[in-house]
Amino acid sequence: LDGGSLAELILNSPSGIDANQVALIGCQIAEAVAFAHAKATFHRDLKPSNILIQKGSNDKDRIQATLTDFGLAKRWD
C-alpha cells in the first residue's frame, strides 16, 4: 500500500495528523478488530506498524487503513 504504515505516517507528520484522519483510521481499525473477533480470532499484536495506510488520490479522498500481520493471532472456541 502506497501510504506505508501508521507508524511511518506518525513519524513523518511532525505537525500531527488531522483529527478527521485519526478518527477515520480509528474507526476502520475498530471495524477490522470487531470482524476478527466475530470470527473467533484475537490479533494479539495490534500496533501502528501493523496498520498499513492507502492514501487517496488527492487530499479530499479518504484514506484506507488495513490491519495486517496476523502471525501471533489466536483462535478461540
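The values are calculated or read from the model by the stated rules, or taken from the named source; none is laboratory data. Quick caveat, the model's predicted, so the values are computed rather than measured. Note: ideal-geometry Cβ built from the backbone for every residue, glycine included; neighbour counts use all protein chains shown. SASA here: full protein model, heavy atoms, side chains in, ligands and nucleic acids out. Shrake-Rupley method; radii C 1.70, N 1.55, O 1.52, S 1.80 Å.
When restricted to residues that are hydrophobic (A, V, I, L, M, F, W, C) and open to solvent by 100 Å² or more (accessible area, probe 1.4 Å), the range 1-29 contains 2. When the range 30-55 is limited to residues that are closer than 19 Å to A73 by Cα and touching a Leu at 6+ places or on another chain (Cβ under 6 Å), the one that is most open to solvent (accessible area, probe 1.4 Å) turns out to be R44.
When the test is whether a residue is in contact with a Ser or Thr (Cβ under 8 Å, 6 or more places away or on another chain) and either at pLDDT below 95 or not hydroxyl-bearing (S, T, Y) (or both), R75 passes it.
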